[in-house]
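Working notes for the structure below.
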Amino acid sequence: MFLSVFRWEFLSGRRFYLVFLIYFLVLFSSGTFTSESWTVEVKYPDYVSKEFLTPGSMIDVWWNASSLWWFLFPLVTAYAVFMISYEFDKGILRTYLLSNVGKRTLFSAKLLSILLGLLIPLVASLLIVYALADLMLFSSTPLEVYVNLPRRLLMYTSMLYPMIGIATLCSVAFRKPLYAFAVPLAGVYVLNMARLTGISAYIPPQCYPEFQGSIGLMPIGWFLNELSMVLPTVVTSSIAIVAAYLIFIRRDMT
Amino acid sequence: MARIENVISAEEVCKVFGRNVVLNNISLKVQKGSVFLIMGPNGSGKSTLLKIITGLIKRTRGKIKVFGMDPWKQRQTIFTQVGAMFEDHAPPDWASGRAYLEYKATLKNAEEPKKEALAAAKLFEVDTFWAQQVSTFSSGMKRKLALADAFINDPELVILDDPTVALDKEARLTLQKIVEDRARQNKTSIIASHIITEFENHATHLAVLNVGQIIVAGKVEDIMGNMGIHQVTIKSEQPEAVANILLKKGCPIKVHDNLVTIERPEDLDRIIDMLEKLGVKAEIGETRMNLWEIYTKALTYR
């Protein structure tokens, strides 16, 4: 039953992830206009070269620094909340529940389809932007470029996950769309003010030798530090999702 | 004597939303094979009662069993035998009618979802327009889709909340025919409506709700008997004599040619006795109340 419901929710539902795909593509491709360039010393066997690079400018999103991120983020949140509200619309849920499907199955399938609806465009846009931009910038091989992808994906997911959790809770708990929009937005801003940031720092492949002990591109310590900063928001979001689930299971479908 | 099988059994069911008592001590039994009509004005609690029966809403107090099971706790199991539609049926507007029905057939554990969906669609000719997206449907088409949805798998019990709103005449007749056929097959139908005339000839049982309470409930024929005779017409060659006798008794009457009509007589047997004793020859005809009149009277004299 779960697979049937999930397939319907993900493949037959509103394909809101297309909007996210466009969003991420624009976001990642526009970094050039929002970040500073760095001077990097690249050591070659017989000489040292100073190169003006824009590390992360093409690809990285700086949670705090990017004005584009801040400009677009409320819009994306609004859209996500709207879509989640639509997915948890009582009328549609009631229509589905007049059958043998369980509430648990319906909630899980919907949530999973929403999460994948974010992850798939994220992966797609990272693959596209890396392939298009990074090679041109750093003359890297695709293998070197993509080696950091899983970690970047984890970083970005950890930034998006809080939005999903709070938006889901608000969509289930509030009847008024305004609250369902305003509360997650306020929540995410507050979390950000508390410096719960997830910065995905980028190091060009030419500089790998400079960072001893790194996995892929980013030093392990740096990576773990970033992840630990994100952890509270991930926990908060998980609590929000559990709360949304409990409300959903127990409430009347009036 | 054959044992009466109750499909639904409710005892003192109450539902409170905040401070608002929506249902108050509702007790009723729905027998297998019956056509149970639930009538009541807007806000009387019909839809809430049906949502409790279908397990969408949890009752605040009381007991309710559907096929011997608690609908709130065992909704999934109950729906192997139940089909339902509500007034505010809301299929996803991005789906096609066909995809939606096939998906619902899957959710209802149909062995062959596509075949079941088609069979249900054909009942109301939904298959003639089901390739379109639901967002393009008219309200009548949406209602037909909702009805087809309720009849997927030909369930033992069908619950229909205001099913005829926005339906064309052909579809109404089709629905009446289906309900009639189902009763013959000993399958149960519960229909909530405030438009009574459509199922007047098919209803075997009736419950009238008002302000969350049951005013009248039972077999239609029993209720008709209990609620009295609507009108008695006395045909006599001496209408003036009859009229005088009745006026002396304080009965409101109408006289037209040789017909004397009495509205809602409360002591008809005494009137007949009196006419016989006085030697007035009269032919007496009765007009019984229809469901609409019973409904109106129930709401008036509650």
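Brief remarks follow.
- The residues of segment B:84-101 that are within 9 Å of another protein chain (Cβ to nearest Cβ) and touching a residue at least 60 places away in the same chain (Cβ under 8 Å), listed by number, are B:84, B:85, B:86, B:89.
- Which numbered condition residue B:130 fails, given (1) free of Cβ contacts under 8 Å to residues at least 40 places away in the same chain; (2) closer than 13 Å to residue A:98 by Cα; (3) hydrophobic (A, V, I, L, M, F, W, C): (2)
- Residue in segment B:60-83 that is within 12 Å of chain A (Cβ to nearest Cβ), part of a strand (DSSP E or B) and touching an Asp or Glu at 6+ places or on another chain (Cβ under 9 Å) present: yes
- Filter pass, residue B:114 being more than 10 Å from chain A (Cβ to nearest Cβ), out of contact with any Leu (no Cβ under 7 Å at 6 or more places or on another chain) and not hydrophobic (A, V, I, L, M, F, W, C): yes
- Residues in segment B:162-204 that are assigned to a strand (DSSP E or B) and more than 27 Å from residue B:111 (Cα to Cα): B:191, B:192, B:193.
- Flag if residue B:197 is of a type in the set (Ser, Thr, Tyr), over 19 Å from residue B:6 (Cα atoms) and surrounded by fewer than 16 Cβ atoms within 10 Å (Cβ to Cβ): yes
- For residue B:120, the requirement of being touching a helix residue (DSSP H, G or I) at 6+ places or on another chain (Cβ under 6 Å), part of a loop (DSSP other than H, G, I, E, B) and either facing chain A (nearest Cβ under 9 Å) or closer than 27 Å to residue B:176 by Cβ (or both) is not met.
- From the list B:193, B:189, B:236, the one residue that fits, being modelled with pLDDT under 85, touching a helix residue (DSSP H, G or I) at 6+ places or on another chain (Cβ under 8 Å), closer than 30 Å to residue B:81 by Cα and of a type in the set (Gly, Ala, Ser), is B:193.
- When residue B:163 is tested against (1) modelled with pLDDT of 90 or more; (2) surrounded by 15 or more Cβ atoms within 10 Å (Cβ to Cβ), only condition (1) is not met.
- Picking from residues in segment B:256-269 that are at pLDDT 75 or above and surrounded by 11 or more Cβ atoms within 10 Å (Cβ to Cβ), the one that is farthest from residue B:209 (Cα to Cα) is B:258.
The values are calculated or read from the model by the stated rules, or taken from the named source; none is laboratory data. None of the values given here were measured: they were computed from a predicted structure. Glycine also receives a Cβ, built like all others from the backbone with ideal geometry; neighbour counts cover every protein chain displayed.
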